[in-house]
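Reading through the structure tokens given below for one structure.
The values are calculated or read from the model by the stated rules, or taken from the named source; none is laboratory data. Note that the structure is predicted; figures quoted are calculated from it, not measured. Cβ placement follows ideal geometry from the backbone for every residue including glycine, while neighbour counts extend to all protein chains displayed.
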Amino acid sequence: MNSNATTLDRESLAAAVSNLGEEDLIFLNRLVITRLKELEQAKDSAQVSLFTLADRVEFTTNDGAVKRGFVVRLNKKSISVRTDDAQDWKISPTLLRKIPGSIRVELR
């Protein structure tokens, strides 16, 4: 879609919203929130699907330490990682980096 059509659509939408009453605005708000949640869930699923069980990964903690480990579980929005020092972490997939060329471990 070109930017002129998008701008026109947004202007039309803004004009339409300005004419809505309270009940209709509440209904529209529920629709928007539901759609945003659907988009977020799809984005989270796409990020999680980039990883598989036993992938070697690393991430940087809030204090700047780099932790390495392997994927032990794929959750809806996060990935469970067991670090090499036997700590368990739930990490956003956007914060994880695969370690290239690493050997996969066998999970039991």
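Quick check on the range 53-83: of everything there that is surrounded by fewer than 16 Cβ atoms within 10 Å (Cβ to Cβ) and in contact with a helix residue (DSSP H, G or I) (Cβ under 9 Å, 6 or more places away or on another chain), which residue is farthest from Ala42 (Cα to Cα)?
Thr60
Across the range 22-53, which residue is farthest from Leu96 (Cα to Cα) among those that are of a type in the set (Gly, Ala, Ser) and in a helix (DSSP H, G or I)?
Among residues in the range 22-53 that are of a type in the set (Gly, Ala, Ser) and in a helix (DSSP H, G or I), the one farthest from Leu96 (Cα to Cα) is Ala42.
Would you call Asp9 more than 15 Å from Lys98 (Cβ to Cβ) and assigned to a loop (DSSP other than H, G, I, E, B)?
No; evaluated as a whole, the condition is false for this residue.
For residues that are at pLDDT 95 or above and within 15 Å of Thr94 (Cβ to Cβ), tally how many sit in the range 63-77.
Number of matching residues: 2.
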